[in-house]
Amino acid sequence: METKHVCLLVLTVLCLIVSIADADTSPVLVKKVKGKKVCDQGWECKGWSEYCCNLTISQYFDYYQFENLFSKRNAPVAHAVGFWDFKSFITASAIYQPLGFGTTGNKTTQMLEIAAFLAHVGSQTSCGYGVVTGGPTAWGLCYNKEMSPMQDYCDDNYKYTYPCAPGALYFGRGALPVFWNYNYGYLGDCLKVDLLHHPEYLEQNATLAFQAAIFQWITPLKKGQPSPHDIMVGNWKPTKNDTDSKRIPGFGATMNILYGERTCGKGDVDDMNTIITHYLYYLDLMGVGREQAGPHEVLTCAEQKPFNPSTVTKDSASS
């Protein structure tokens, strides 16, 4: 019986690897639209986009690398054993790759963005802070929900736009944890999923959980502000106000966007340093090397003023 189980496990893994490999070998279809080269690479990068002319994520970020980055996620003491997997990440990313997620720029730029995104995911879902083996960097994707919520995160100020559904609890769930009824409602509208009435969907479907996180990554909180994606691929040009606020392009500014004053502008605090440590560690494991991350001043947000001080209605990480 044990031999059969082992064989089934090996076969499952081989099928996953073969399916991803088949996706990698899909022919690149190319045409010109209004003088611009656009491409289609099958299911993972479909829809005639200039970004689909570059490598897709599964072509430079493989199954075994995902396993290395999140090596403890299925350990017996983890809280979301069997939930998170590589296929769910690639399936979710396929929706956004034609928009440039992980497909913008050259291979180094692409890998830096994926490492940065996953560093936020890993640090926000790690349960390794009290675990000796491997430390927190080895325990990303340990959680898919907040285990001991202190409140239901229902804000009645939004009772006319995103009213709390009877029986629904809006504690943190997902790859970039979502809190509060207004954030579940807003994300649900954008993803066309009824998260306001069913926030539990983010702890039941790994593809949807990754999809919600990637949407937050590529979507600016406010008009005129960059998204974390814009920052990592070089699309953001700081204004004078940004410069005066010590906000500069780099990984540090992605923390500013996602967490604001909870993490940034507070000096050399542990929360910020843990996220940076994940990023550098992931760059090494992905074979990019931490030296590609840039100098300390672009990695940190210790002295940056937050883009959005106090509470921000669309900040999914606010609590």
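Of the trypsin sites (Lys or Arg not before Pro) found in the range 211-319, those in coil by DSSP whose Cβ has at most 12 other Cβ atoms within 10 Å are K222, K223. Only DSSP H runs of four or more residues enter the estimate; each adds -39500 (n - 2.57), and after division by the residues of the chain the mean residue ellipticity at 222 nm equals -12000 deg cm²/dmol. Relative to its Kirkwood radius, the Cα radius of gyration of the range 22-71 gives an Rg/Rh of 1.12. Cross-link reach is defined here as a Cα-Cα straight distance under 25 Å, omitting same-chain residues fewer than 8 places apart; for K46 the lysines meeting it are K31, K32, K34, K36, K37, K87, K107, K192. Sorting C53, C142, C190, C127 from the fewest to the most surrounding beta carbons within 10 angstrom yields C190, C53, C127, C142. Taking G174, G122, G188 as the candidate residues, the one with maximal mean-square fluctuation in a Gaussian network model of the chain, Cα springs under 10 Å, is G188. Above 35 Å, the calculated P(r) of the chain contains 20 percent of its Cα-Cα pairs.
By the beta-carbon count within 10 Å of each Cβ, the least crowded to most crowded order of H296, H120, fewest first, is H296, H120. Roughly speaking, what is the centre-to-centre gap between the range 108-168 and the range 48-84 when only Cα atoms are used, to the nearest Å? If you average the Cα positions of each part, the centres end up 17 Å apart. Residues E44, E113, E50, arranged from fewest to most other Cβ atoms within 10 angstrom of their Cβ, appear as E50, E44, E113.
Every read-out reported here was derived from the displayed coordinates using simple, explicitly stated rules and does not represent laboratory data. Computed from a predicted structure; not experimentally measured. Don't worry about glycine lacking a Cβ; one is built from the backbone with ideal geometry, like all the others, and counts go over all protein chains shown.
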